[in-house]
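Chemist: Mind having a look at this structure? Questions to follow.
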Amino acid sequence: MTSNTATTSLMTQAAPSVDPVEAQAVLREHYGLMGTLERLPGERDSNFCLSVSCSKRYMVRFINAAEADTEIDFQTQMLIYLQERAAHLPLPSILKSLSGECQPRVRFSGQVGALRVVSYLEGMPFYQQAPFTYLARQLGGILGKMDHALADFSHPGAQRELLWDITYPQRLLDRIHTIDDAQLRKEVAWVIDRHAERVVPLQAGLPWQVIHNDLNPHNVLVDTLGTRITGIIDFGDALYAPRVNNLATALSYQLVDESDPLRRVGPFLNAYLAQQPLTDTELSLLADLVATRLCLTLTISSWRAQLYPENRDYILRNLPHAGRSLMRLRRLPEVWVDDLLNPVITGVSDD
């Protein structure tokens, strides 16, 4: 694995500042592409949408120099693997450069770094859609299929240390103080202690594999009618970890209904399990892992917002939801996962 220093450096090094004119020159030289560039948000990388024509667009990513070469290659090979084995899933596909490279080394911002160009998936961000249960069911099924497809994928770059990995939340204890709300700070410390007590002793015996690790509503696209999931994007946090962590991470973003926090969780969970069954041990840890992911969102976002106040709004985009969701989750009975596996619950009708 990479060292803690390398992990922190990726989280503390600002995204490369790439001028659109410079980006266009690089794309013309290495890909023969010309068009209009629109800057896209990003925490670690410099991202653009390149419109070559009305019907042809690409997602362009100038990758942070702090990202290790083997980890960059891991993400690229993961996308290629999924292209070959799960082409039916709404995932971006790699575009090769004029020289046949999937991630050419290019010069930008006075440095040499990696560039990745992928197909641009059309749609609106999931967080802008109404919380329909049928979309949650679709998304759960897609994630289950993706995990099933990746079960046999391996790459040395997958062995990463990321602060966004809920396998090791104890690494964040010294950053909890950056959370402004005192009650949330207390809840986060309690959840991380509980993780150490209940999850850590069982982790080594869980099924491990490569996972996406960041299925939040900003990384999911929906068609304009709100009827179909059209894209899963941003594989920048992918890594080798317990399989159940992927589901827990995704479910942490489904607790959106104040009157019934589990309204979307149930359809999502059961659709996932229909494609990728989990062991009894994985299911027994799921509730703790969902809470842990919410704590990571609260802690890492608060810490990084202090480091980069100019990018504060983007960094804190998921923080209000995470705070509300953690408090809702803490009010639920501990057996809420078992309750959702009840056939009566899974039969809930669509909106």
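The values are calculated or read from the model by the stated rules, or taken from the named source; none is laboratory data. In this text the structure is predicted, and so the values were computed from the model without any measurement. Cβ placement follows ideal geometry from the backbone for every residue including glycine, while neighbour counts extend to all protein chains displayed. For the accessible areas, the whole protein counts, side chains as well, though only heavy atoms, and no ligand, DNA or RNA atoms are used. Shrake-Rupley method; radii C 1.70, N 1.55, O 1.52, S 1.80 Å.
Chemist: Round to the nearest 10 and report in Å² the accessible area of E334, as given by a 1.4 Å probe over the protein chains' heavy atoms.
Modeler: Accessible area, nearest 10 Å²: 130 Å².
Chemist: If you take every residue apart from G32 with its C-beta less than 15 Å away from the C-beta of G32, what net charge results, scoring Lys and Arg +1 and Asp and Glu -1?
Modeler: +1
Chemist: Take the Cβ-Cβ distance between R105 and V21 as r, set R0 to 22 Å, and report the resulting FRET efficiency rounded to the nearest 0.05. Provide the component values of the computation, followed by the final result.
Modeler: Numbers: r = 20 Å, r/R0 = 0.92.
Between R105 and V21 the formula returns 0.60.
Chemist: Carbon-plus-sulfur fraction of the accessible area of the stretch 14-88, 1.4 Å probe, in percent?
Modeler: Solvent-exposed carbon and sulfur of the stretch 14-88 make up 50 percent of the total.
Chemist: For K96, give me every one of the lysines with a C-alpha distance below 18 angstrom, ignoring sequence neighbours fewer than eight places off in its own chain.
Modeler: Candidates past the 8-residue exclusion: K56.
Chemist: The stretch 115-201: which GluC sites (Glu not before Pro) are DSSP loop and have at most 12 other beta-carbon atoms within 10 angstrom?
Modeler: none
Chemist: Would you compute, from DSSP H runs of 4+ residues alone, the mean residue ellipticity of the chain at 222 nm, taking -39500 (n - 2.57) per run and dividing by the full residue count, rounded to the nearest 500?
Modeler: When only DSSP H runs of four or more count, the value is -13000 deg cm²/dmol.
Chemist: Taking the Cα centre of the chain as origin, sum charge times position over the Cβ atoms of Lys and Arg (+1) and Asp and Glu (-1), and report the length of that vector in debye to the nearest 20.
Modeler: It works out to roughly 340 debye.
Chemist: What is the helix-to-structure angle for 69-85, meaning the angle in degrees between its Cα long axis and the longest Cα principal axis of the chain, kept from 0 to 90 and rounded to the nearest 10?
Modeler: For helix 69-85, the angle is close to 80 degrees.
Chemist: Whose amide H sits under 5 Å from the amide H of V222, counting only residues 5 or more places off or on another chain, with H placed in the peptide plane?
Modeler: M124, F126, T230
Chemist: While we're looking at this one, here's another question. With charges set only on the Cβ (+1 for Lys and Arg, -1 for Asp and Glu), what does the dipole of the stretch 88-181 come to about its Cα centre, in debye to the nearest 20?
Modeler: For this selection, approximately 380 debye.
Chemist: Still on this structure, I have one more. From the Cα gyration tensor of the stretch 10-131, with a ≥ b ≥ c the square roots of its eigenvalues, which class applies: rounded if a/c is under 1.5, or else prolate if a/b is larger than b/c, or else oblate?
Modeler: It comes out rounded by the Cα gyration axes.
Chemist: Write down the accessible area per residue of the stretch 231-351 in Å², having rolled a 1.4 Å probe over the full set of protein chains.
Modeler: Per residue, the stretch 231-351 has 38 Å² of solvent-accessible surface.
Chemist: How high is the relative contact order of the chain, in percent, counting Cα pairs under 8 Å that sit 6 or more residues apart? Write out the running numbers ahead of the final one.
Modeler: On the way: 592 pairs, mean separation 63.4, N = 351.
For the chain, the relative contact order is 18 percent.
Chemist: Using a Förster distance of 22 angstrom, determine the FRET efficiency expected from the C-beta separation of D280 and Q170, and round it to 0.05.
Modeler: 0.30
Chemist: Express the carbon and sulfur contribution to the solvent-accessible surface of the stretch 169-256 as a percent, rounded to the nearest whole number, probe 1.4 angstrom.
Modeler: 53
Chemist: Something else now. Please give the contour-minus-distance gain from D180 to L316: 0.36 nm per residue of separation, less the Cα-Cα distance, rounded to one decimal in nm.
Modeler: Going from the current span to full extension adds 47.7 nm.
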